[in-house]
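One structure is given here, and the rest of the page talks about it.
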């Protein structure tokens, strides 16, 4: 395999050890890199590493330091940091197994491909892979990578496996802090039916190649036009949608979205909001729904999963 392994070690399950290698499963996407430029001269801004009272310093004289008190540091070199003994630097011990649906997606961080390190490791690797697949389980353990220890998950993927680093609980903001003010109310059935139909019409199998970074494309076009000396005119921002839309406007918007073959009406900037009279179904219910905000009692708060 041409790529360089990100980590080499072993997966351990009880008394079974499986030598493996992991490789980054992702790579940086297309992006536009900008430099800082001194506009009057057109010169690029440069940065130097300097020490107060000394000036520029040799990179070989720079070490890591932990500030334990203002202006006072414990100095550590790379060899001392690498010498920290931690079993998980070379061994991923699977200590727990959970259902694939049990881990919330918000905890997943970065994926890596896992392959057997050599021919001798293949049999045990395949056995573990198939056992996880049949049980529909994910293995959990801890692994030290590049300066910190992660909780990681292990699951089958094709003929190999995928290891994903997970965020610790204190790295995830509690959802209740953001969701507590959302009322615990039920939508009207006719509105829900229209929204469900719209979702069904736009449902399809996911294909990552269907999407690309349109912002990068637009920046490239802007740069090319400016390089050729063309005049650049900033486009006006689309007018913000009124926050005062009521349930009748929502019904009209959902209906118009379905009439457009499932294409969201928000994508058509030339269209005006549908008049409220376009709602034909359940006029009495609409009138009752429009009057709800004034008479509604404070809604019970739905406790969001943390």
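Let's see how each residue does on (1) over 31 Å from the mean Cα position of the chain (by Cα); (2) modelled with pLDDT under 90; (3) surrounded by 10 or more Cβ atoms within 10 Å (Cβ to Cβ):
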residue	(1), (2), (3)
45	yes, no, no
51	yes, no, yes
57	yes, no, yes
65	yes, no, yes
75	yes, no, no
78	yes, yes, no
81	no, yes, yes
86	no, yes, yes
91	no, no, yes
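Residues that are closer than 24 Å to residue 168 by Cα number at least 1 in the following strands (runs of 3 or more DSSP E) confined to the range 17-123: 64-69, 91-93, 96-99, 108-116.
Answer yes if at least one residue in the range 5-27 is loosely packed, with under 10 Cβ neighbours inside 10 Å and in contact (Cβ under 8 Å) with a residue 40 or more places away in the chain, and no otherwise.
As a first pass, look at the range 5-27 and keep what is loosely packed, with under 10 Cβ neighbours inside 10 Å: 14-15, 26-27.
Okay, now just the ones that are also in contact (Cβ under 8 Å) with a residue 40 or more places away in the chain, so 26.
The answer is yes; a qualifying residue exists.
Taking first residues from the range 117-140 that are surrounded by 13 or more Cβ atoms within 10 Å (Cβ to Cβ) and partners that are in a helix (DSSP H, G or I) and modelled with pLDDT of 95 or more, no Cβ contact under 6 Å between residues at least 6 apart in sequence or on separate chains turns up.
The values are calculated or read from the model by the stated rules, or taken from the named source; none is laboratory data. Since we're looking at a predicted model, the values are computed, not measured. Cβ atoms come from the backbone with ideal geometry, glycine included; neighbour counts cover every protein chain shown.
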